[in-house]
Amino acid sequence: MIETKQKAADPCVMVIFGATGDLTKRKLFPALYYLAKDGFLPENFAIIGVGRQELSGASFRKQIISDLKSFIGKDVDRKLVKWFEDRTYYTGGDFDDDKALFSDIKNLLDEVTNTHEIPKNYFYYMAIPPFLFSNVANKIVKNGLGKQDEGFWRRFIFEKPFGKDLESAKKLNSELLEILEENQIYRIDHYLGKETVQNILVFRFGNSIFEPIWNRNYVDHVQITVAEDLGVGTRGGYYDKAGALRDMVPNHIFQLITLTAMEPPVSFEADAVRDEQAKILQAIQLFSPEDVLNKTVRGQYDENEINGESLKAYRDVENVPANSNTETYAALKLSIDNWRWAGVPFYVRTGKRMPKKHTTILIQFKKAPFMLFRDTEIDHLTTNRIVLHIQPDESITLHFGAKIPGPLVKMGTVDMDFDYSEHFGETVSTGYERLLYDCMVGDATLFQRADMVEASWCVVSPILDVWEALPARNFPNYKAGTWGPKEADELLESDGHKWKNNID
Ligand code: BG6
């Protein structure tokens, strides 16, 4: 028995396709463990792993439980681990085989629902390459395991990337919507599982002091940075086909934009929130080919040596062609064509091998209309900004001007900080807990709807088209461990702005 809370999820079976992969080991099982620890998993629960490898249930359990123990570390709750061990199953085979694998899954589902007295609520987690999504979903449905009815539900979680451009995303949506209802489809974006991302809405709509100034009358511009210090690692094969723009922008960065820019929803019901997010995506001004040349920058990292450590060039990464033209950095200047944001640029950038991991949303306010303090040097004149630090620091900072002590009235910039862990204490999470739980209770607020995915690709596809038609001639154009190509600085400088790199 585990301790459950009043709000424990519905009794159900989780079926993970791609169960021997990294995501299952690093995120899904640890997230289930933390959910169970906090009382959010039901007692009547089971997990079926499905993979290509022909493994016995016992060897899958052995591996996954040992991975779980080493992930959680010395504080692992042995009773809880045993609880998982008792309800974890596996079946393997060829995903293309219509019969064998899927009838095994069906039999296993019957067996576990009997053993653990679980109603026939199933959710399928597609931790598999996207080209298999509709094929596997189709086979689940064909084998009678996808249809929901009175008294039980069937849900499908799809990992990113959801399509590689507008056309493929539309095709995937239409294939899935032929066999499933939209309310069965959960398109996951792990950024929405982050506490600090969810807090954007609470910060904006749970307080009355920020909202009146959150618009073009007061905001000068917005900067969103998703920088990573790591390179591409072992993912060269995937990454070289994707590139920084596809990998990060239509999903993670657009989630950050919509939550920052959206209007207050009429309620926190899934569709009310997603309607407002969708309106922002539809309001992002589409780029003409000329805009792509003027308002976007791409980059690729070169080798470098930092503090005695030598960092490889992107082109030297395993499975990356030596003449690759794939970007590892992208910066865009976006405009949101609506009443609230007309004329306020949203600068966004993301890149691999930058100086540090650092995800922030910076709201830069306009200068005071008249500057009284003539003794203050020009670069000490303060402009106000609010910085939402998403990761690795989880905090909110307000920058404002204060008098520097002394006989003259001089102004300096000071910060007011709110730090999550100082205030609430450290919490451990993988970021997937909330999303798995929400799927089990049928709350799709933090998942993407078909129209949102397509609206995102509408913005990104024209950029990809131009970039593909005109391959970059100057790659590699930034050194590993630096803030990206100089053209990205020029993008802001031509508007009289600067990226804020050191805002901890
Ligand atoms: C993934 C991308 O979706 O997000 C990766 O495919 C990237 O390339 C990762 O590194 C970043 O996620 P996080 O949570 O570490 O910011």
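Looking across the range 266-311 at every residue that is part of a helix (DSSP H, G or I) and in contact with a strand residue (DSSP E or B) (Cβ under 6 Å, 6 or more places away or on another chain), the one that is nearest to residue 328 (Cα to Cα) is identified as 295.
With respect to residue 445, determine if the residue is crowded, with 20+ Cβ neighbours inside 10 Å and either in contact with a Lys or Arg (Cβ under 6 Å, 6 or more places away or on another chain) or hydroxyl-bearing (Ser, Thr, Tyr) (or both). Spelling it out, it is not the case that residue 445 is crowded, with 20+ Cβ neighbours inside 10 Å and either in contact with a Lys or Arg (Cβ under 6 Å, 6 or more places away or on another chain) or hydroxyl-bearing (Ser, Thr, Tyr) (or both). Here is the figure for the range 231-246: residues that are surrounded by fewer than 23 Cβ atoms within 10 Å (Cβ to Cβ) and either in a loop (DSSP other than H, G, I, E, B) or within 9 Å of the ligand (Cβ to nearest atom) (or both) total 6. For the range 185-192, the criterion of being surrounded by fewer than 21 Cβ atoms within 10 Å (Cβ to Cβ), in contact with a strand residue (DSSP E or B) (Cβ under 6 Å, 6 or more places away or on another chain) and assigned to a loop (DSSP other than H, G, I, E, B) is met by none of the residues. Cβ-Cβ distances below 9 Å connect no pair with a first residue in the range 232-247 that is under 9 Å from residue 319 (Cα atoms) and of a type in the set (A, V, I, L, M), a second residue that is in a helix (DSSP H, G or I) and away from the ligand (no atom under 12 Å from the Cβ), and a separation of six or more residues or different chains. Of the residues making up the range 90-125, those that are surrounded by fewer than 21 Cβ atoms within 10 Å (Cβ to Cβ) and not in a helix (DSSP H, G or I) number 12.
Of all residues in the range 332-359 being of a type outside the set (Lys, Arg), away from the ligand (no atom under 12 Å from the Cβ) and under 20 Å from the mean Cα position of the chain (by Cα), which is surrounded by the most Cβ atoms within 10 Å (Cβ to Cβ)? Among those residues, the one meeting the criterion is 332. Applying a threshold of 9 Å to beta carbon distances and a minimum spacing of six or more residues, or different chains, the list of pairs starting in the range 155-168 at a residue that is over 12 Å from residue 247 (Cα atoms) and ending at one that is in a strand (DSSP E or B) and β-branched (Val, Ile, Thr) reads 155/185; 156/185; 157/185; 158/185. Anything in the range 332-358 that is assigned to a strand (DSSP E or B) and over 25 Å from residue 287 (Cα atoms)? List them, or say none. Hit for the range 332-358 is 358, nothing else. Do you know which residues across the range 437-456 are part of a helix (DSSP H, G or I) and within 16 Å of the ligand (Cβ to nearest atom)? Scanning the range 437-456 gives 453, 456.
Each reported figure results from applying straightforward, stated rules to the coordinates on display, with no laboratory input. These numbers were taken from a predicted model, which means no experiment stands behind them. Note: ideal-geometry Cβ built from the backbone for every residue, glycine included; neighbour counts use all protein chains shown.
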